[in-house]
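Down below is the structure, laid out as structure tokens.
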Amino acid sequence: MVQEYGIGNGPSRARGIASTTPGVDFRCLAQACLCQLLRGRGKAMSRPTDLVQGTLDLLILKIVALEPMHGWAIAQRIRQMSHEVLQVGQSALYPALHKLEQQGLIEAEWKVSENNRRAKYYSITPTGQKALAKEADQWERLSAAISLIVRSV
């Protein structure tokens, strides 16, 4: 059975982990990683209902770095690439897109979508590319460190 993790703002947050890049916050990341890693070991552990907004920012940057997309397509790509585990709701996605656009990490352009409707297509900026590289590196280091601890238990 596949467990689904919603992404957005919410009450389940771990404290003490923070990013140095403006606009990206990795609080709650440790809890999410631990739940994901321990899930396969048969341990009963409450799953996070929300991942912190900064995690969504990282995922959005990665997705729009692949190709420009409209919001619904971004949410679908995250779902598809995570093998149906991560599902992003509109209430989390669009505020994150707006924030990333305000920070100059992505830019938006109105175009006609594949179903002949006007849609805002988002693409990554050079500043966004730099932020993505930095945050992806921090994510790799953090998740590797958490894995070391979890696997030693």
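The values are calculated or read from the model by the stated rules, or taken from the named source; none is laboratory data. None of the values given here were measured: they were computed from a predicted structure. Neighbour counts run over all protein chains shown; Cβ positions are idealised from the backbone, glycine included.
For segment 100-153, enumerate the residues that are hydrophobic (A, V, I, L, M, F, W, C) and in contact with a Phe, Trp or Tyr (Cβ under 7 Å, 6 or more places away or on another chain). Break it down into steps so the answer makes sense when it comes.
So the first thing to find is which residues in segment 100-153 are hydrophobic (A, V, I, L, M, F, W, C), and the list is 100, 105-106, 108, 110, 112, 119, 124, 131-133, 136, 139, 142, 144-146, 148-150, 153.
Once the filter is applied, which keeps residues that are hydrophobic (A, V, I, L, M, F, W, C) and in contact with a Phe, Trp or Tyr (Cβ under 7 Å, 6 or more places away or on another chain), segment 100-153 yields ILE106, ALA108, LEU142.
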Close pairs from segment 136-147: first among the small types (Gly, Ala, Ser), partner in a helix (DSSP H, G or I), Cβ under 6 Å, at least 6 apart
SER143/CYS33
If you take the residues of segment 90-112 that are surrounded by fewer than 17 Cβ atoms within 10 Å (Cβ to Cβ) and either touching an Asp or Glu at 6+ places or on another chain (Cβ under 9 Å) or under 21 Å from GLU140 (Cα atoms) (or both), which of them is modelled with the lowest pLDDT?
LYS99
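Criterion first (farther than 16 Å from GLU67 by Cα and in contact with a strand residue (DSSP E or B) (Cβ under 7 Å, 6 or more places away or on another chain)) does VAL112 satisfy it? First the steps, then the outcome.
Numbers: farther than 16 Å from GLU67 by Cα: no; in contact with a strand residue (DSSP E or B) (Cβ under 7 Å, 6 or more places away or on another chain): yes.
Answer is no for this residue.
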Which fully enclosed strands (runs of 3 or more DSSP E) of segment 45-153 have 1 or more residues being of a type outside the set (Val, Ile, Thr) and more than 15 Å from the chain's Cα centre (by Cα)?
106-112, 118-124
Name the pairs: first residue in segment 121-134 and farther than 12 Å from ILE63 by Cα, second residue surrounded by fewer than 17 Cβ atoms within 10 Å (Cβ to Cβ) and small (Gly, Ala, Ser), Cβ to Cβ under 8 Å, at least 6 apart or on different chains?
THR125/GLY104; THR127/GLY104
Give the residue, chosen from ASP50, ASP25, ASP57, that is within 17 Å of ALA133 (Cα to Cα), at pLDDT below 50 and of a type in the set (D, E, K, R).
ASP25
Where GLN87 falls short, out of the listed (1) closer than 16 Å to PRO68 by Cβ; (2) at pLDDT below 95; (3) surrounded by 14 or more Cβ atoms within 10 Å (Cβ to Cβ); (4) of a type outside the set (A, V, I, L, M)
(1)
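Tell me which residues, restricted to segment 120-134, are over 19 Å from ALA75 (Cα atoms) and either polar (S, T, N, Q) or modelled with pLDDT under 95 (or both).
THR125, THR127, GLN129
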